[in-house]
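K.L.:
Encoded as structure tokens, here's the structure I'll be asking about.
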Amino acid sequence: MGLDFTVIPKYLDVVMLGALWTIAITVASALVSFFGGIVFAVIALYGPVLVRLPFRAFAWLFMGTPLLLQLFLIYFGLVQIGIDLPAFVAGVIGLGLHFAVYNSELIQTSILAVDKGQMEAARTLGLSRGQALRKVVVPQAVRDVIPPIGNNMIALLKDSALVSVIGVSELTLSAQLAIGRTYRPFEFYVLAAVFYYIINLGMEAVLRRIERKIQAAR
């Protein structure tokens, strides 16, 4: 049986809808991972011991176990303790927390690299430690760490395919649905790959634009 790409137009709307869901879950998860990474970094560096220790256990869990297992725990496991999350929400939380931990590591390193005189100067001006972190130290640290965080966002896009296992009809699952009706795996997996590549190019363009604005603002 040869290749037959003429079957694609009939199911193109199915795959395009999946691509839109992929964009939605990627953007939502990226926001969770970015702001979560900032919060986690501040907790890890400046939080009280009773907070830092549980956070280290939490970070170890998310860095030491597969993302797929984390999605299963959030979607299927939490139901057993009475927390029934929609698949999309569970996917966003799983992806967001997973990459927030990695972003936190980057942000912690960047915070420690900020000149300690910045904190001292802010405190001299009457700012509390929390205000100095929020208004002076963290913005500088985040600005310097945008490129590697951008790489994590690209990885997040690719890993978003894993949410198909908990029933989110994103791009990969939509392609599989089309394959189930046509028995044409190669054609629709190629189409899915093309959509992923286009979304990837769009994300890279947005990230480059953000980096240029940050460089111009320095």
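K.L.:
So what's the back-of-envelope 222 nm ellipticity for the chain, counting only DSSP H runs of four-plus at -39500 (n - 2.57) apiece and dividing by all residues, rounded to 500? If you can, show how the numbers build up before the last one.
P.N.:
On the way: 10 runs with 167 residues, N = 218.
About -25500 deg cm²/dmol.
K.L.:
Shifting gears a bit: What value does segment 84-163 have for Rg/Rh, both radii from Cα atoms and Rh as Kirkwood defines it?
P.N.:
Rg/Rh: 1.14.
K.L.:
Heavy-atom accessible area per residue, segment 143-218, 1.4 Å probe: how many Å²?
P.N.:
53 Å²
K.L.:
If you fit an axis through the alpha-carbon atoms of helix 49-64 and take the longest principal axis of the Cα set of the chain, what angle between them do you get, 0 to 90°, nearest 10?
P.N.:
Between the helix axis and the principal axis of the chain, the angle is about 30 degrees.
K.L.:
No solvent, one uniform scatterer per C-alpha: report log10 I(q)/I(0) for segment 54-104 via the Debye equation at q = 0.18, 0.25, 0.28, 0.30 1/Å, two decimals.
P.N.:
Computed log10 I(q)/I(0) values: -0.55, -0.96, -1.09, -1.15.
K.L.:
Would you work out what percent of the accessible area of segment 1-96, with all protein chains in place, is carbon or sulfur (probe 1.4 Å)? Could the numbers behind the result be given before it?
P.N.:
Numbers: 4250 of 5450 Å².
Whole-percent figure for carbon plus sulfur exposure: 78.
K.L.:
State log₁₀ I(q)/I(0) for segment 171-218 at q = 0.17, 0.23 Å⁻¹ as given by the Debye formula over alpha-carbon point scatterers of equal weight, solvent excluded.
P.N.:
Scattering profile of segment 171-218, log10 relative to I(0): -0.57, -0.76.
K.L.:
Just from the alpha-carbon atoms, what are the Rg and Dmax of segment 82-218 in angstroms?
P.N.:
Spelled out, the Cα radius of gyration and Dmax of segment 82-218 are 20.4, 69 Å.
K.L.:
On to the next question. If one takes the longest principal axis of the Cα atoms in the chain, at what angle in degrees, from 0 to 90 and to the nearest 10, does the Cα axis of helix 171-182 lie?
P.N.:
10 degrees
K.L.:
Additional query: Would you please give the FRET efficiency between GLU204 and LEU73, computed as 1/(1 + (r/R0)^6) with r the Cβ-Cβ distance and R0 = 35 Å, to the nearest 0.05? Let's see the in-between values first.
P.N.:
Values: r = 31 Å, r/R0 = 0.90.
Using R0 = 35 Å, I get an efficiency of 0.65.
K.L.:
Sticking with this structure for a sec: Under a point spin-label approximation (7 Å from Cα along Cα-to-Cβ), what is the ASN151-ARG129 distance to one decimal in nm?
P.N.:
In this crude label model, ASN151 to ARG129 measures out at 3.2 nm.
K.L.:
Going from the alpha-carbon gyration tensor of segment 139-189, what semi-axes, largest first and in whole Å, does one get by taking the root of 5 times each eigenvalue?
P.N.:
That gives 35, 11, 6 Å for the three semi-axes.
K.L.:
For segment 12-25, in order, what is each residue's ³J(HN,Hα) by Karplus, 6.51 cos²θ - 1.76 cosθ + 1.60 with θ = phi - 60°, in whole Hz (x at glycine and Pro)?
P.N.:
4, 5, 5, 5, 5, 4, x, 5, 5, 5, 4, 4, 4, 5
K.L.:
Here is a further query. Cα convex hull of segment 87-130: mean projected area in nm², to one decimal?
P.N.:
Across all orientations, segment 87-130 yields a mean hull projection of 4.1 nm².
K.L.:
Could you order peptides 126-139, 89-102, 53-66, 164-177 by the average number of other Cβ atoms within 10 Å of their residues, highest first?
P.N.:
By packing density, highest mean first, the sequence is 89-102, 164-177, 126-139, 53-66.
K.L.:
Between GLN176 and PHE35, how high is the FRET efficiency from 1/(1 + (r/R0)^6) when r is the Cβ-Cβ distance and R₀ = 25 Å? Nearest 0.05.
P.N.:
It comes to 0.20.
K.L.:
On average, how much accessible surface per residue is there in segment 1-90, in Å², for a 1.4 Å probe, leaving out ligands, DNA and RNA?
P.N.:
60 Å²
K.L.:
Here is a further query. How many percent of the accessible area of segment 125-218 is carbon or sulfur, using a 1.4 Å probe?
P.N.:
Details: 3070 of 5030 Å².
Ligands and nucleic acids excluded, carbon and sulfur reach 61 percent.
K.L.:
Now, a different point. What percent of all Cα-Cα pairs in segment 18-107 falls in each 5 Å bin, counting up from 0?
P.N.:
Result returned by the calculation: 3, 15, 20, 23, 20, 13, 5, 1, 0.
The values are calculated or read from the model by the stated rules, or taken from the named source; none is laboratory data. Small disclaimer: the values here were computed from a predicted structure and weren't measured. With ideal geometry, Cβ positions are generated from the backbone for all residues, glycine too; neighbour counts draw on all protein chains shown. Note: areas computed on protein heavy atoms with side chains; ligands, DNA, RNA excluded. Shrake-Rupley method; radii C 1.70, N 1.55, O 1.52, S 1.80 Å.
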